[in-house]
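Q: One structure, pasted below without further comment.
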């Protein structure tokens, strides 16, 4: 895992740094490491070296996912600086992700370029159903990003990119089982040549799970979960300068859960379940002109969500969300080498998006359309200074139009291994359809809600030491939001009445100890408060993680240790605000490749069997062990 500050993971605060400093004597004997500067695409919507990006961005690779044996994408997001993950119970349960203290629907999630936020589900993405199989990379971009991505990108963007087919036709499969009667299988087919690339993959996951609720609110029944996900990815090269990409993804799941008693403000055991479907598709045409200096992309994306509630097999109600989006992007690059060795890249984008929400329980069937235009200018000077400036305007048919902007800078002092970065930007979050119409008898509709508005900035530094074997980084961020949507004093409707502020520090470190042995750590302090100076719910002020990975026996064997610390948080309870204690989780994973085509693996999650809460009165899994095998041919 690499971030703009190339940190990975950790124990509270100073412990990880002390751990790594203990290995400094080994640096003199270690072979010289070569750190490649990877390309990332999320920060500018164009391919850029990570070191030239002015915003905080963490890159998670397929290797990171494999080393940790990640089942759910949300699990590895816990190791990203500034990111808080909250799961409501066991596997498959509602899983929220918040970036730098923002709301869960202030994070835009992209899967292969498709917006995955659910228009019928508070406009946030539930990570409870996203399995980590066949993912090539995840880019987590922090800070206001509405200029390039529109609404939802107030806290940041999580961009998930699956792998392409490559090489001769190959078939791969895996089988895994373990605690809670868990079984997971995966199969994939991959192939490519100069004219095409193809990947087809399917995964099935099932578990008996755990009881979502805690005693004494009911008997500890098991709330099971089943998930089947299939996707296909096809790329065609009909001409040397023309590429066509098609991707489709479908998930079918069933989640057993426990009702929440609003009168008593606590959950209780029942036998309900949610049966859900998610479907995503995208077609993209990419054309290169002027020897690659003018790139044009035209795309269309579809998103579909349906959740149907059942109680003892009797259908109760359903919620359906849809999104149709057309987008065009033009990137024109040129150089003026006689003027400061300057390189220029001008981006222009157009988008047309229509969202639908059909909520049976609230008698809502609504849609709204947004048309957008955005532009961005990137300037590189003397191969060390990178500047960007961007503007956007959204035209909405239901509420006020909105304009946003963003400025970033990155400066590389290659002689000293120092990198400086800064960014400032604004963002908007449009009211969701459930906020405007969808609370039925609980709250009165308020179609006059205005978009929430945010502005934020950050400054950071990254320093390489000991021939680039040690990298330290620090960033300070500050974000304010106004017109925040909240319940009014009479508890009758939602209004634009709140303000909030989030500011803090992210510290990261990465150390190449010996060939094959690497360590990483990060720590986040996040002061997220409302306008009454109270800590926002479900936002820990302190988060940290550490990771130690060892590859040995000619890379045939791998051992991984991950430690995650989550500080004290607050949640709502039957007596008002309640405090949830901090916790530390330890995960251990190992694998061994017996042959070039056959590998065995196993892991222990929550190895210390920590008892903790992420949401008040909801259970979390204790110690769990899993083992499996993987075959490729």
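Q: Label-point separation (nm) for residue 239 and residue 348, each offset 7 Å from Cα along Cα-to-Cβ?
A: Those two pseudo-labels are separated by 2.0 nm.
Q: What percentage of all Cα-Cα pairs in the stretch 92-185 are separated by more than 15 Å?
A: The answer is 67 percent, as a whole percent.
Q: Based only on other Cβ atoms within 10 Å, what is the fewest-to-most ordering of 78, 48?
A: In increasing order of surrounding Cβ atoms, one gets 78, 48.
Q: Within the stretch 281-324, list the residues whose amide N lies under 19 Å from a label point set 7 Å along Cα→Cβ of residue 194.
A: 288, 292
Q: Just check the stretch 157-246 against the gyration tensor rule for me: Cα atoms, a ≥ b ≥ c as the square roots of the eigenvalues, rounded for a/c under 1.5, and otherwise prolate or oblate depending on whether a/b exceeds b/c.
A: Prolate is the answer for the stretch 157-246, as a/c is 1.5 or above and a/b outweighs b/c.
Q: May I pose another question? Quick one: which of 485-493, 612-620, 567-575, 180-188 comes out on top by average Cβ neighbours within 10 Å, and what's the full order, highest first?
A: Peptide ranking by packing, descending: 612-620, 180-188, 567-575, 485-493.
Q: Along the three principal axes, how long is the stretch 111-163 when you take its alpha carbons, biggest first, rounded to the nearest angstrom?
A: Computed over the stretch 111-163, the largest-to-smallest principal extents equal 29, 23, 15 Å.
Q: Taking Rh as the Kirkwood radius computed over C-alpha pairs, what is the Stokes-Einstein D of the stretch 391-521 at 20 °C in a medium of viscosity 1.002 mPa s, expressed in µm² per second?
A: Result for D is 118 µm²/s.
Q: Shifting gears a bit: Once you sort the root eigenvalues of the Cα gyration tensor of the stretch 225-354 as a ≥ b ≥ c, which label holds: rounded (a/c under 1.5), prolate (a/b larger than b/c) or oblate (the other case)?
A: Verdict is prolate for the stretch 225-354.
Q: From the alpha carbon gyration tensor of the stretch 42-84, can you work out the equivalent ellipsoid semi-axes (sqrt of 5 times each eigenvalue) and give them in Å, largest to smallest?
A: Working from the Cα gyration tensor, I get semi-axes of 23, 13, 8 Å.
Q: Here is a follow-up. Going by the alpha-carbon gyration tensor, a ≥ b ≥ c the square roots of its eigenvalues, is the chain rounded (a/c under 1.5) or, if a/c is not under 1.5, prolate (a/b greater than b/c) versus oblate?
A: Here the chain falls in the rounded category.
Q: Report the full-extension gain for the segment residue 595 to residue 294: residue separation times 0.36 nm, less the Cα-Cα distance, to one decimal in nm.
A: Fully extending the segment from residue 595 to residue 294 adds 103.8 nm.
Q: Which distance in Å, rounded to a whole number, links the C-alpha centroids of the stretch 478-556 and the stretch 295-334?
A: When both Cα centres are located, 27 Å separates them.
Q: Take the stretch 266-414, drop everything but the C-alpha atoms, weight them equally and run the Debye formula without solvent; then report log10 I(q)/I(0) at 0.09, 0.13, 0.19, 0.20 Å⁻¹ to two decimals.
A: For the stretch 266-414, the Cα-only Debye profile gives -0.51, -0.81, -1.18, -1.23.
Q: Go ahead and collect, in residue order, the members of the stretch 394-436 whose backbone nitrogen is under 19 Å from a label point 7 Å along the Cα-Cβ direction of residue 330.
A: 394, by backbone N distance to the label point.
Bear in mind that the values in this text are calculations on the coordinates, not laboratory data. It should be emphasised that the depicted structure is a prediction, and the values quoted were computed from it without experimental measurement. We place every Cβ from the backbone using ideal geometry, glycine too, and count neighbours over all the protein chains shown.
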